[in-house]
Amino acid sequence: MNILVTGGLGFIGSHTVIELIKSNHTVVIADNLINSKIDVLNKIETVVNVRPTFYQVDVTNELDVEEIFTNHKIEGVIHFAGLKSVGESVSKPLEYYYNNLVSTMVLSKLCLKYGVEKFVFSSSATVYGDQPSPLKEEVELKRTTNPYGETKAMSERILTDIANAHEKFAVSLLRYFNPVGAHESGLLGENPNGIPNNLMPFVTKVAKGELPKLTIFGDDYDTVDGTGVRDYIHVVDLAKGHVKAIENLNKGVNCYNLGTGKGTSVLEMVNAFMRVNQVAVPYEIVDRRPGDIATCYADVSKAEYELDWKAELTIDEMVRDAWNFEQKQGLIEL
Ligand code: NAD
Ligand code: UFG
């Protein structure tokens, strides 16, 4: 298949491009580099020996994106491009709504115009809000607590309405849990700008000595050890889930949780990191972070049954690969 991957130079997109090429698909990437570097294209080429066609475009710009649809016979779109920082979305709501919603509308409009029938969308477990785990796809969604989460919930609704109105437009809504880890080569991984918000990139910076200590947000939750529990999934497993999703796309709207189905606490993650990598991660317990929930993990039986996909990599492999990647990175750019 000829697949347009938006945000294909980002963390999850770049790993997915590799898995698509390994599965003999032809990839065209559209990315405006707002949160990635062009160097990732060279790294993809190093890993798979193929250089995907790259367009440096903002996918909210319809004219620019249309050029891609006229230059290539696109057969499917995987839409990763988006802004993803929960905290930033609270202070810059308009940027988040504009970027994340207009991109989805521009791409789906062009899919209808050019007869592209397969659309895979990067959604998030955040759309569930605070509900009991394991989370099943069919539970009613609760309003999320931040504009970022709302852009995911709204994009899901927009795509659902379009698929309901156009019989030939099939959509897969993929709800990711907590993607971590890196490519085994150590060439590709997650390298956020500035001080990381998410647990794993923060842990790797502390282990490297670039940040003095990890702050653990609360140890008084009703969980195994009082710290927050999440469903961490290796980014390579997540990438493979996208290949399965686009290859097995049924008509209408298809929604899947992509996680492991297992919850791991913050302390369990940190201890696994120290044990596997034989490196210290000093930490301090502080107050809960506003907006956090105690526990969030997936019921993954639907993806397993319908897509024949299951996450295979373990927590030990996630922390090993995250550390391997971090050791190859430069210092934090503030
Ligand atoms: P990322 O920031 O590493 O990748 C996103 C890519 O999209 C970047 O390369 C960025 O430059 C590009 N981009 C952003 N806006 C663009 C635009 N208007 N036009 C063109 N390119 C644009 O993020 P990621 O972690 O790879 O996440 C990919 C997708 O998955 C996002 O939609 C994100 O919201 C979603 N998601 C991520 C997580 C997570 O924890 N990483 C969890 C759930 C959902
Ligand atoms: N945590 C710490 N210290 C830190 C960072 C995080 O203790 O410095 C804890 C959090 O309190 C939470 C757990 O580690 O218990 C995971 O936190 P992350 O920030 O890594 O991830 P979240 O589950 O809060 O959110 C992530 C993404 C969201 C996405 C959600 C579900 O950031 O965008 O997963 O997919 F919506």
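Taking 19 Å as the straight-line reach from the Cα of Lys251, the aspartates and glutamates in range (excluding those fewer than 8 positions away in the same chain) are Glu75, Glu117, Glu137, Glu138, Glu156, Asp161, Glu167, Glu304, Glu306, Asp308.
Helix-derived [θ] at 222 nm for the chain: sum -39500 (n - 2.57) over DSSP H runs of at least 4, divide by residue count, nearest 500? That calculation yields -11500 deg cm²/dmol at 222 nm.
Volume of the convex hull of the stretch 163-252 (Cα atoms only), normalised per residue: 174 Å³. Thr26 contributes an accessible area of around 80 Å² to the protein surface, as traced by a 1.4 Å probe with all chains present. Derived scalar couplings between HN and Hα for the stretch 264-274 equal 10, 7, 4, 5, 5, 5, 5, 5, 4, 4, 5 Hz in order, rounded to whole Hz, by the Karplus curve 6.51 cos²θ - 1.76 cosθ + 1.60 (θ = phi - 60°), x for Gly and Pro.
What FRET efficiency comes out for Lys73 versus Glu317 if R0 is 51 angstrom and r is the Cβ-Cβ distance? Round to the nearest 0.05.
Calculated transfer efficiency: 0.85.
Rounded to the nearest Hz, the phi-derived 3J(HN,Hα) couplings of the stretch 135-147 under the Karplus curve 6.51 cos²θ - 1.76 cosθ + 1.60 (θ = phi - 60°) are 8, 9, 4, 7, 5, 5, 7, 9, 4, 7, 9, 7, x, where x marks glycine and proline. The Rg/Rh ratio of the stretch 114-157, with Rg taken over Cα atoms and Rh as the Kirkwood radius over Cα pairs, comes to 1.06.
In the complete set of protein chains, residue-level accessible area for Lys136 is approximately 80 Å², probe 1.4 angstrom. Annotation: amide H of Ile78 within the under-5 Å range of Leu4, Val5, Thr6, Val120, sequence separation 5 or more or interchain, hydrogens built in the peptide plane.
Amide H to amide H, with H built 1.01 Å from N, His25 comes under 5 Å of no residue 5 or more places away or on another chain.
Counting Cα-Cα pairs of the stretch 204-334 in 5 Å increments starting at 0 gives whole-percent bin shares of 2, 10, 16, 17, 17, 16, 11, 7, 3, 1, 0.
Near Gly186, once Lys and Arg are set to +1 and Asp and Glu to -1 for all other residues with Cβ below 11 Å from its Cβ, the sum equals 0.
Panel values: the stretch 62-129, Kirkwood radius from alpha carbon pairs, Stokes-Einstein at 25 °C and 0.890 mPa s, translational diffusion coefficient 185 µm²/s.
Per-residue packing, averaged as other Cβ atoms within 10 Å, sorts the ranges 42-51, 201-210 into the order 201-210, 42-51, beginning with the highest. Could you report the chain's accessible area per residue, 1.4 Å probe, as an integer in Å²? For the chain, the solvent-accessible area averages 45 Å² per residue.
Quick one: grab the alpha carbon gyration tensor of the stretch 280-334, order the square roots of its eigenvalues as a ≥ b ≥ c, and give me rounded if a/c is under 1.5, else prolate or oblate depending on whether a/b is larger than b/c.
oblate
Across the chain, Cα-Cα distances exceeding 25 Å account for 49% of all pairs. Under a 5 Å amide H cut-off, with hydrogens placed 1.01 Å from N, Ile285 pairs with Ile216 among residues at least 5 apart or on other chains. Coordinate range of the alpha-carbon atoms in the stretch 1-118 per principal axis, descending: 41, 32, 19 Å. Computed from phi, the 3J(HN,Hα) profile of the stretch 96-103 under the Karplus parametrisation 6.51, -1.76, 1.60 (θ = phi - 60°) reads 5, 4, 5, 4, 6, 8, 5, 4 Hz, with x in place of Gly and Pro. Across the accessible surface of the chain, with the other protein chains kept in place and a 1.4 Å probe, carbon and sulfur atoms take up 50 percent. Rounded to 0.05, the FRET efficiency of the Met1 and Arg275 pair, given R0 = 41 Å and the Cβ-Cβ distance, is 0.50. Counting other Cβ atoms within 10 Å of each Cβ, which chymotrypsin sites (Phe, Trp or Tyr not before Pro) in the stretch 11-81 have at most 10 and sit in a DSSP loop? Listed in order of number, the matching sites amount to none. Cβ-Cβ distance of Thr53 and Ser301, R₀ of 45 Å, FRET efficiency by 1/(1 + (r/R0)^6): the value works out to about 0.75. Residues of the stretch 114-129 with an amide N closer than 17 Å to a point placed 7 Å from the Cα of Arg157 along the Cα-to-Cβ direction: 123-124, 126-129.
The values are calculated or read from the model by the stated rules, or taken from the named source; none is laboratory data. Since this is a predicted model, take the numbers as computed values, not measurements. Positions of Cβ are backbone-derived with ideal geometry, glycine not excepted, and every protein chain shown enters the neighbour counts. Only protein heavy atoms, including side chains, enter the accessible area calculation; ligands, DNA and RNA are left aside. Shrake-Rupley method; radii C 1.70, N 1.55, O 1.52, S 1.80 Å.
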